[in-house]
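This report refers to the structure that appears directly beneath it.
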Amino acid sequence: MSERFTFRIDETDGSARTGCIAMERGEIRTPAFMPVGTAATVKAMKPETVRKTGADIILGNTYHLMLRPGAERVARLGGLHEFMNWDRPILTDSGGYQVMSLSDLNKLTEEGVEFRSHIDGSRHMLTPERSMEIQRLLGSDIVMAFDECPRADRPRDEIARSMEMSMRWARRSRDAFDAGGEHAGRAGLFGIQQGALDEELRRVSAQKLIDIGFDGYAIGGLAVGEGQEAMFATLDFAPAQLPWDRPRYLMGVGKPDDLVGAVERGVDMFDCVLPSRSGRNGQAFTWTGPINLRNARFAEDQGPLDERCRCDTCATHSRAYLHHLVKANEILGAMLMTEHNIAFYQQLMQGMREAIAQQRFDRFAADFRRGYCRSKREVPVHEP
Ligand SMILES: [Zn+2]
């Protein structure tokens, strides 16, 4: 276990918890939302703007960075923090999910995954050991174990076999991470629970991870098309199978109402491309639900995106102007909309943290659900 990684729970309210992860590069207030900085950038945002929205940590993608510009090159340039000018914590994923969803696959064996780059067709091999090495070269603060994430609708025996292999990969990830010298003493390593929607497989997976021992535990294999009802049903048991006193991270989630329901069930950390991707596509999240700025009804609407939002976009620009920028495909439209969406997500997390601290999370969640109207059109969540 890393000595420079601590997690403190300050208050609980039902299953919801609020606290803080303390690391060398700064504190992460939980529940936390991590904007996704896929290719060493949260698309359309300067790092200082990301920070200004209230984000304590961002996520970087091993798969993308290993292919371009390459982990060894980032290391020579001083590491990911210096390269992109973000001095606060960075979590890197292991590359497992994206190599399987994005690359021209690939041979999956006990050793790891062989694949061709989606950029130039070059051949690569990703193993637990190589994933740990890449994340160390990047200088990641929270390193994710290498795993396989099968589709939730695969037969149970296939899910079970995949989970068992991911747990052997978790052991190899732990060993390789621990051999990483100075970096291992500074960074934290998270294991990833698998087992799809199956309570018993999830229990077995959690126990194997606990036996290995990690700084935090992720719930993987959700938000892959199973729908909110099935996800919540799994979250009714999965977080409680993981250690109470370690952070729990639900990977790739989600919409604002997903976040509220998951915090209610004991999750501490999230990441998702939805606020940034939606921002680039003209969709804004508000306390009354998502709105599409392409819609003609905003053409002469002089109000802000959201009356309650405290972001710079809402303070300075009207829906009418944003409608125009989005319709005209102006780059500034993507920038302003992304800034609002990331800020909205951070305000939602802040609201949940305060409600938990004041023992009024039930009321917060009820008020949120009463005001928030879900979009009928489902938007894919994961960024392949
Ligand atoms: Zn705003």
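Structure data summary
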| read-out | value |
| --- | --- |
| Search result, residues across the range 134-160 that are of a type in the set (D, E, K, R) and touching a helix residue (DSSP H, G or I) at 6+ places or on another chain (Cβ under 7 Å) | Arg136, Asp147, Glu148 |
| Meets criteria (surrounded by fewer than 18 Cβ atoms within 10 Å (Cβ to Cβ), in contact with a strand residue (DSSP E or B) (Cβ under 6 Å, 6 or more places away or on another chain) and without any contact (Cβ under 8 Å) to a residue 12 or more places away in the chain) for Asn329 | no |
| Residue match in the range 254-269 (condition: buried (at least 21 other Cβ atoms within 10 Å of the Cβ) and within 13 Å of the ligand (Cβ to nearest atom)) | no |
| The lone exception for Cys311 - which of (1) farther than 15 Å from Asp258 by Cα; (2) of a type in the set (A, V, I, L, M, F, W, C); (3) open to solvent by less than 20 Å² (accessible area, probe 1.4 Å); (4) more than 12 Å from the ligand (Cβ to nearest atom) it fails | (4) |
| Qualifying position, being within 22 Å of Arg51 (Cα to Cα), modelled with pLDDT of 95 or more and assigned by TED's automatic domain parsing to the domain that holds Leu348, among Asp306, Asp301 | Asp306 |
| Residues of the range 280-307 classified as assigned to a loop (DSSP other than H, G, I, E, B), out of contact with any His (no Cβ under 9 Å at 6 or more places or on another chain) and open to solvent by 40 Å² or more (accessible area, probe 1.4 Å), total | 4 |
| Residue in the range 112-122 that is of a type outside the set (Gly, Ala, Ser) and modelled with pLDDT of 95 or more present | no |
| Residues that are more than 21 Å from the chain's Cα centre (by Cα) and in contact (Cβ under 8 Å) with a residue 60 or more places away in the chain, drawn from the range 137-158 | Asp153 |
| Test: Arg277 is closer than 30 Å to Ala233 by Cα and either open to solvent by 10 Å² or more (accessible area, probe 1.4 Å) or assigned by TED's automatic domain parsing to the domain that holds Gly37 (or both) | yes |
| Leading residue by the ranking (farthest from the ligand (Cβ to nearest atom)) among those in the range 352-361 that are open to solvent by 10 Å² or more (accessible area, probe 1.4 Å) and part of a helix (DSSP H, G or I) | Ala357 |
| The range 74-100, residues that are among the small types (Gly, Ala, Ser) and at pLDDT 95 or above | Ala75, Gly78, Gly79, Ser94 |
| Residues of the range 144-170 satisfying the condition of being within 23 Å of Met269 (Cβ to Cβ) and assigned to a helix (DSSP H, G or I) | Met163, Ser166, Met167, Trp169, Ala170 |
| Selection count, the range 314-326, where residues are open to solvent by less than 50 Å² (accessible area, probe 1.4 Å) and within 9 Å of the ligand (Cβ to nearest atom) | 1 |
| Conditions (1) among the acidic types (Asp, Glu); (2) near the ligand (Cβ under 10 Å from one of its atoms); (3) touching a helix residue (DSSP H, G or I) at 6+ places or on another chain (Cβ under 7 Å): number failed by Asp301 | (2) |
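The values are calculated or read from the model by the stated rules, or taken from the named source; none is laboratory data. Values in this document were obtained by computation on a predicted structure and should not be read as measured data. For neighbour counting, all protein chains shown are included, and Cβ atoms are generated from backbone atoms with ideal geometry for every residue, glycine included. Note: areas computed on protein heavy atoms with side chains; ligands, DNA, RNA excluded. Shrake-Rupley method; radii C 1.70, N 1.55, O 1.52, S 1.80 Å.
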